[in-house]
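Chemist: Take this structure, written in structure tokens, and hold onto it; I'll ask about it next.
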Amino acid sequence: VVSVQPFWCLERGLIVTASDAQVYAEVKDDLIGYATVLVGPDSAPDIVSTVVLRVLVRRRLADLDDPRSYLFRGVLNEARTVARQHRRLAVLSDRESGEDSPNLLPEVAVAVAGLPVQQRAATFLVYWMGFTIEQTAVLMNVRVGTVKRYLSLAREKLREALHAHA
Amino acid sequence: MHTPDDQDARQFRQAYSALLEDSPEAPEFEDLLFTVEVPTVEAGVGSGRRGPLVSAVAVVAVLVIVGLVPALFPGGGQVTDEVGSVPGSNLGVFEPMRGQVVVVNGDELVGIDPADASSAVILDIPDLPSVPDEACSSWSSGPCNDGANSLMPIGWSSDGTVLALDSEYAGMSYLMDETGTLTRIPWERIGGGSGCCAFAGSNWLAPDGVHAAVAKGLEVAVVDVRDMSIESEASLDPDEFPGVEGWGQIYSQTWSPDGTEFAFVAVRNEDGVRAPTIHVYDASTKTLRQLPDRGFGHVRNLAWSPEGSHLLVIAGDLALRYNESYNPLAHSVATSIHLVDIESGASRVIADGHYVAAAWSPDGSQIAAVDYPGGHYLQVMDADGTNQQRLTDMNGYGYDNLFTGVSWHPAP
């Protein structure tokens, strides 16, 4: 058996700089949190790794005009793919009872767990991270109206869940 | 910062606060790099492994996503009204793509009218079939099924009912048919491959929609993708191509419109520099011939003209090192579109830019090309390079997934 290195593997080599590491250090906590919310803690590190590597094989992080926005979009795209593969995300499975979070109503946890990835992204970016709707639209690479629609749909589902358990 | 403080917002914050308590540590930067160490793999040519052709039957919905297209095409306009298959048409789900220039955005096919780029039709790409372990020559710790985000439209069967797609990251190839079924091509069964990572498009699908041009090492072959049987093969002279190993030194196949021949690029190692030459394989006679060496530094894409007399060649002066671990083609590189006469080898430049992929219109009167001077732009031009028009700005998407893929649906 001849051992070879396929051409396309060699093509995957990288050139990175200290500034790339610095950029990554500045955004990694936000990225992992975002990925955790979108797909759960088990898949989050893989998503962050995949997204950052995909950028690095093409360009330097430090060369991006807005690395945070670029990587956030990448995380969302990758999360959509993972969500397609797993369909039913169980990101809140061990939180659904709310036992570890006394302020969290179980029905809220279930409702959030059932949100499509993009609605979860919109609500996380706006309600948790505090981005404006306009900023969120940039981060999600959608129109402002689309963000508003995601928020409206998510809130509607939350209210339905609360109403059903009232 | 804008933090709505109504009851709903508080509920969401409580949910996310609970979720983030479970948030793992982000990978360290050094750990990320470790995952792309170049693996050593077995050559595995002709392993003979057999398995079921993986297919995923997914219902393909033709969707109009009003919000996404303007985001993808900031200079564009409206999406057409709801579209779908036309009863009685043999194009099935591809009916809306008739005559359109087709690119991929994320998990959607986007059809753009070359005469009016203000509208676009969207067709969902089904979920990708799962990939068996033996098909994975993983270059990273991630899954080798890398989702639809990196798919490139490679080319169509001549009747417009089958679309070939390659995934840039995982190196998988797929066929999507008029029923919306997506089928992975199990290259691993024949030890060959196509797909990713050369940063060069390769239209391996024959006009009949069931045969593929395959390269493995120095060998080229015609494979029936229905059972992966090899129907015709030949090998380049190893004396002319010393030291060629593994996949990828033959790439960018393109079929003649009558399906009897395909052209491809083969790379010599000339003192550590990649020296590409263009060859034509006649599948019926199993003979190879080389077109006159034009001295291209690198060749990125080939496309055989519909009337059969010319090759469209995207090439540039930049010469790549043979085993360089850093590929400058991952970035914007100056290239030209050459028109090469198949018989004489005579060529002329019809357009200069930073082109990465191109496709002929069905009647051969126009060319669609992806120009990448830093951002991605979809152009159309006449077949002689005149009347260049920028159809749309394809920037703004999270991934650079459009850099090698453009196709033109063959049905008028």
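The values are calculated or read from the model by the stated rules, or taken from the named source; none is laboratory data. Quick caveat: nothing in here was measured; it's all calculated off a predicted structure. We place every Cβ from the backbone using ideal geometry, glycine too, and count neighbours over all the protein chains shown. Calculation scope for accessible area: heavy atoms of the full protein, side chains included, ligands and nucleic acids excluded. Shrake-Rupley method; radii C 1.70, N 1.55, O 1.52, S 1.80 Å.
Chemist: Once ligands and nucleic acids are excluded and a 1.4 Å probe is used, how much of B:Arg189 is accessible, expressed in Å² to the nearest 10?
Modeler: Around 30 Å² of this residue is reachable by solvent.
Chemist: Separate question: To make sure I understand the rule: partners must be lysines, Cα under 21 Å from the Cα of B:Lys286, and not fewer than 8 residues away in the same chain. Which ones qualify?
Modeler: Qualifying lysines at Cα under 21 Å: B:Lys216.
Chemist: If you don't mind, another one. Fully extended, how many nm does the chain gain between B:Asp352 and B:Asp258 (0.36 nm per residue separation, minus their Cα-Cα distance)?
Modeler: Length gained, B:Asp352 through B:Asp258: 30.9 nm.
Chemist: Please sort by residue number the trypsin sites (Lys or Arg not before Pro) in region B:247-286 whose DSSP state is loop and whose Cβ has at most 15 other Cβ atoms within 10 Å.
Modeler: When the trypsin sites (Lys or Arg not before Pro) of region B:247-286 are filtered for loop state and at most 15 Cβ neighbours within 10 Å, B:Lys286 remain.
Chemist: I need the calculated FRET efficiency for the pair B:Ser309 and B:Asp382, taking r as the beta carbon distance and R₀ as 25 Å, to the nearest 0.05.
Modeler: 0.95
Chemist: 7 Å from Cα along Cα→Cβ at both B:Ser229 and B:Thr179: what's the point-to-point distance in nm?
Modeler: 2.1 nm
Chemist: Figure the gain on full extension for B:Asp282 and B:Ala334 (residue separation times 0.36 nm, minus the Cα-Cα span) and round it to one decimal in nm.
Modeler: Value of the extension gain: 15.5 nm.
Chemist: Ok, one more. Excluding ligands, DNA and RNA, what is the accessible area buried between chains B and A, summed over both sides, using a 1.4 Å probe, to the nearest 100 Å²?
Modeler: Result for this pair: about 7600 Å² buried.
Chemist: Here's another thing I want to ask about it. For B:Asp22 and A:Ala62, what does the FRET efficiency come to when R0 = 30 Å and r is the distance between their Cβ atoms, rounded to the nearest 0.05?
Modeler: 0.45
Chemist: Classify region B:229-317: rounded, prolate or oblate, from the alpha-carbon gyration tensor (a ≥ b ≥ c, eigenvalue square roots; a/c under 1.5 rounded; otherwise prolate if a/b is larger than b/c)?
Modeler: In terms of gyration-tensor shape, oblate.
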